[in-house]
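A short write-up of the structure that comes next.
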2 protein chains.
Amino acid sequence: MTTDSFRPKEKISTFYPPQRTLLGPGPSDTHPRVLSAMARPTLGHLDPVFTEMMEELKSLLRYVFQTKNLLTFPVSGPGSIGMEMCFVNMVVPGDKVVVCRNGVFGGRMIENVERCGGIPLVVEDKWGDPVDPQKVEDILKKNPDAKVVAFVHAETSTGVQSDAKTIGQIARKYNCLTIMDTVTSLGGTPVYMDEWDIDAIYSGSQKCLSCPPGLSPISFSERVVDMVKNRTEKVHSWFMDINLLLGYWGSTTRTYHHTAPTNSLYGLHESLVMIYEEGLERSWARHQRNHEALKAGLETLGIGYVVDAAYRLPQLNSVHVPAGVDEKEVRRKLLNDFSLEIGAGLGDFAGKIWRIGLMGNSSKLENVIFFLEALEHVLTDLGVQVNKGAAPSAAHQYYANNPTA
Amino acid sequence: MTTDSFRPKEKISTFYPPQRTLLGPGPSDTHPRVLSAMARPTLGHLDPVFTEMMEELKSLLRYVFQTKNLLTFPVSGPGSIGMEMCFVNMVVPGDKVVVCRNGVFGGRMIENVERCGGIPLVVEDKWGDPVDPQKVEDILKKNPDAKVVAFVHAETSTGVQSDAKTIGQIARKYNCLTIMDTVTSLGGTPVYMDEWDIDAIYSGSQKCLSCPPGLSPISFSERVVDMVKNRTEKVHSWFMDINLLLGYWGSTTRTYHHTAPTNSLYGLHESLVMIYEEGLERSWARHQRNHEALKAGLETLGIGYVVDAAYRLPQLNSVHVPAGVDEKEVRRKLLNDFSLEIGAGLGDFAGKIWRIGLMGNSSKLENVIFFLEALEHVLTDLGVQVNKGAAPSAAHQYYANNPTA
């Protein structure tokens, strides 16, 4: 039998992606150092040279998460696997789990609780608002048997940041474990896992860590590890069972579990080395400074923010689409004419907002200026009256007045 | 608060992996074309240019799987997630699942069935033997209510190949769906998903596809898709629920599900383009030819195969360690003195066999010769009497007598 009947009819050849400027909600632009790292020769996943690098990766992740947790490692899958890994290990059928929903990802957490057989107790806040810690306390008072509190630190769908420290304290007061999503916050704004008393945390490689998507850094407290070790019912997922993963990512053994994604891990290692070189405080300050410059520029165009200044994420700028403007056409023109990507709104925000990411390697002066210039251009094209040059000028002015420390 | 207390104490810098020759059970050497592809600029996962490439990926995967299944795509995770995705969608609590175990990965399938709440009916065969189709038929006769038959086409732990066509026919006769593991076979030996009537198939990127580890090509028949659509109980896993994945990897919609690992997918695309250029038949023939040359060389050293010739995988050569030889020391010396990796035995085979992979880009003349030469050298170092030069010579002879068609 010949295999040709299944051959693609069209001719398929090497794929050459265009060079974009990625200013959406993630992925951000992968740093050239990270791209180079991923193109280095593959090693066996049990090679002693590779396992040494794994130890460095764990140290570097403890630094960015600000934790001493031994069980800190990158999951071999995207952030949604990181999320699921927390729930599937920590929730057994019948468990009550407080889930705070103020955007898309809180909703996904509820799905996870249900699929684990848990009972979600939902704390609702408006899209664009932070989680209200008082509501968390109220629901815990009424449900003293709740076991876990889960919330999103930085909601990628809205650009809002919640008060993780206060939520962490409340959860502890009511004897609950905490699960925190830091997919968009890690590396861009302060995350202090240990100081905030967070038990399980996960993130993604493709936002403020400047890697391609595909890996999910994760960390679990001793409390979680002990609890999972003592589960009577097996974790539903073989791949995500941390009892098994401990054998591969633990510090003393290297029992084969799955084949680690070597080259993606080289990339993550390099991006973490870059944060280690820059220093977390300086990375956070850089994200803040570029955000302020962008805001100064957007103000000249009359474009305002969705989220209140007190809770705004510097790395993810959710802004209102000006009245009468076809937002889809603006994004299309930015992509086609300037090879520049920004994000659309999700859910209720679809068609109403843009999400402008300044994350990781994408958070830099040249991108802020380029974007503001391009946006002026596109809006003019679409017949919006714009005071040309004012937006980049305002950003430049902000930079001049606020030099890097 | 300063972040410095969590900074790694040791200085950590860029990781430069050594150049190995990977002749273990996977990963194999990533082809330079694939490495280059992965280092290209990241695109947004909903970028129209990227989604066009996704369609090509699906076509190319249909070619290597030899299937027309619409739901054919690379899972954003390693082969073990591919395996779990099959079970978690196809097995509901109480389902009887025939699992054939003749090595490590059949054992892992049993774990998966149990964690899905299914009842595994185990067909046991000796490690190194293929699955006995008669035993499959016997167990199905006794269990007419069995729902699924799961087996490993190419057992990575032993190097044996099972008769997928016959097992597929038997399963169909008893009205069962089939799950087949092709992690080690795909691209190296014939796989005919549709002709063999297989319903669910998964593989890995890091063996005969010459990519780094981290992706799991997968395909489901319409029968599976229909069954999963009609499940009354939700799939336990949110990430692996094919009802949700259909929205992202389906052909008409691009609903955001998770952020696809863009750069790893560039790599897989390139490796599949290479197979498409070479042609499947020629790729299979190349694996066979290099296997025969290796075997000719090993024979001069008195090294014999674990698996009977009729069921031997050309891409994974399981051979007996010569009596009195410290196999670990041989592997250590190959790695340290020649930067060459071969694999150890697992389970009962630990310490008794080597697994020599000639997979994908690693399956080439220069590797066969280099390995035989290095092995002679190491054995001599360890005091084994070797007729120096005989092994590479025998391989050369084989190549000369069997030119590429």
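Values in this text are rule-based calculations from the coordinates and carry no lab data. Treat the numbers as computed from the prediction; the structure is a model and nothing was measured. Glycine gets a Cβ as well: all are built from the backbone with ideal geometry, and neighbour counts include every protein chain shown.
Here the contact order of chain A, divided by its residue count and restricted to Cα pairs under 8 Å and six or more residues apart, works out to 22 percent. Across the stretch A:384-393, computed HN-Hα scalar couplings (Karplus, 6.51 cos²θ - 1.76 cosθ + 1.60, θ = phi - 60°) run 7, 7, 10, 7, 4, x, 5, 5, x, 4 Hz from first to last residue, x flagging Gly and Pro.
When the Cα convex hull of chain B is projected onto planes of every orientation, the mean area is 23.4 nm².
For the stretch B:317-330, backbone phi angles converted through the Karplus equation (6.51, -1.76, 1.60; θ = phi - 60°) give residue-by-residue couplings of 9, 8, 10, 6, 6, x, 4, x, 9, 7, 5, 5, 5, 4 Hz, Gly and Pro being listed as x. Length available on full extension from B:GLU299 to B:ASN175: 0.36 nm per residue minus the Cα-Cα distance, which gives 40.1 nm. Placing a label point 7 Å from the Cα of A:HIS377 along the Cα-to-Cβ line, the residues of the stretch A:313-332 whose backbone N sits under 18 Å from it are A:329-332. Free of any GluC sites (Glu not before Pro) that DSSP assigns to a loop and that have at most 11 other C-beta atoms within 10 Å, the longest stretch within chain B is B:11-232. Reported to the nearest whole Å, the Cα centre-to-centre distance from the stretch B:199-263 to the stretch A:232-285 is 23. Computed about the Cα centre, the dipole magnitude for the protein assembly as shown is approximately 120 debye when only Lys and Arg (+1) and Asp and Glu (-1) carry charge, each at its Cβ. Ranked for footprinting exposure by Cβ neighbours inside 10 Å, fewest first, A:LYS352, A:LYS229 give A:LYS229, A:LYS352. The B:LYS165 and A:ARG254 beta-carbon pair, evaluated with R₀ = 35 Å, returns a calculated FRET efficiency of approximately 0.40.
Please identify which residues in the stretch A:77-119 have an amide N closer than 18 Å to a label point set 7 Å out from the Cα of A:ASP308, following the Cα→Cβ vector. Under cut-off, by backbone N: A:101-103.
Let me know the Kirkwood hydrodynamic radius for the stretch A:74-176, please, with Cα pairs as the basis and the value in Å to one decimal. So the Kirkwood estimate lands at 13.6 Å. With the simple model of a label 7 Å out from the Cα in the direction of the Cβ, B:ASN230 to A:GLU55 spans 5.6 nm.
Here r is the Cβ-Cβ distance between A:ASN336 and A:LYS126 and R0 is 45 Å; the resulting FRET efficiency, rounded to 0.05, is 0.85. Distances from A:ARG223 to itself in the other copies, using label points 7 Å out along the Cα-Cβ axis, amount to 4.9 nm in increasing order. Our coupling estimate for the stretch B:368-383, obtained by passing each phi through the Karplus curve with A = 6.51, B = -1.76, C = 1.60 and θ = phi - 60°, is 4, 5, 4, 5, 5, 4, 5, 5, 4, 4, 5, 4, 4, 3, 8, x Hz, Gly and Pro reported as x.
Straight-distance candidates among the lysines for linking to B:LYS229, with alpha-carbon spacing under 25 Å and chain neighbours fewer than 8 residues away dropped: B:LYS58, B:LYS68, B:LYS96, B:LYS147, B:LYS173. Taking the charge dipole of the stretch B:280-401 about its Cα centre, with +1 at Lys and Arg Cβ atoms and -1 at Asp and Glu Cβ atoms, the residue from B:ILE303, B:GLY360, B:THR380 reaching farthest to the positive side is B:GLY360. Listing A:ILE353, B:ILE110, B:ILE303 from fewest to most neighbouring C-beta atoms within 10 Å gives B:ILE110, B:ILE303, A:ILE353.
B:GLY351 label point (Cα plus 7 Å toward Cβ) to equivalent points in the other copies: 7.0 nm, shortest first. Taken about its Cα centre, the stretch B:280-401 carries a charge dipole of roughly 260 debye when the Cβ of each Lys and Arg holds +1 and the Cβ of each Asp and Glu holds -1.
Using the alpha-carbon positions of the stretch A:116-169, Rg (one decimal) and Dmax (whole number) come out as 11.6, 32 Å. Solvent-free Debye calculation, one equal scatterer per alpha-carbon of the stretch A:174-246: log10 I(q)/I(0) at 0.18, 0.24 Å⁻¹ equals -0.81, -1.14. Put simply, the stretch B:280-401 fits an ellipsoid with semi-axes of 21, 17, 13 Å; these come from the alpha carbon gyration tensor as the roots of five times its eigenvalues, largest first. Candidates A:GLN19, A:THR51, A:THR67 compared by Cα position along the dipole of the stretch A:1-105: farthest toward the positive end lies A:GLN19, with charges placed on Cβ.
Dipole orientation for the protein assembly as shown: of the candidates B:TRP284, A:ALA350, A:ASN89, A:ASN89 has the Cα lying most toward the positive pole (charges on Cβ; Lys, Arg +1; Asp, Glu -1). Counting every alpha-carbon pair across the stretch B:201-331, the share separated by more than 24 Å comes to 54%. If every alpha-carbon in the stretch B:1-88 counts as one equal scatterer, what log10 I(q)/I(0) does Debye give at q = 0.10, 0.12, 0.14, 0.20 1/Å? Debye output, listed in q order: -0.50, -0.69, -0.87, -1.22. Cα centroid separation, the stretch A:300-345 to the stretch A:32-60: 37 Å. Distance between the pseudo-spin-label points of A:GLN134 and A:SER13 (7 Å out from Cα toward the beta carbon): 6.5 nm. Over all orientations, the protein assembly as shown has a Cα convex hull whose mean projected area works out to 34.0 square nanometres. Sorted ascending by nearby beta carbons within 10 Å, beginning with the fewest, B:THR14, A:THR262 become B:THR14, A:THR262.
A simple charge model with +1 on the Cβ of Lys and Arg, -1 on the Cβ of Asp and Glu and nothing else charged puts the dipole of chain A at about 340 debye relative to its Cα centre. Inter-copy label distances at B:ARG332, using a point 7 Å along Cα-to-Cβ, come to 6.6 nm with the shortest given first.
Taking the helices alone, chain B has a mean residue ellipticity at 222 nm of -12500 deg cm²/dmol, built from -39,500 (n - 2.57) per DSSP H run of at least 4 residues and averaged over all its residues.
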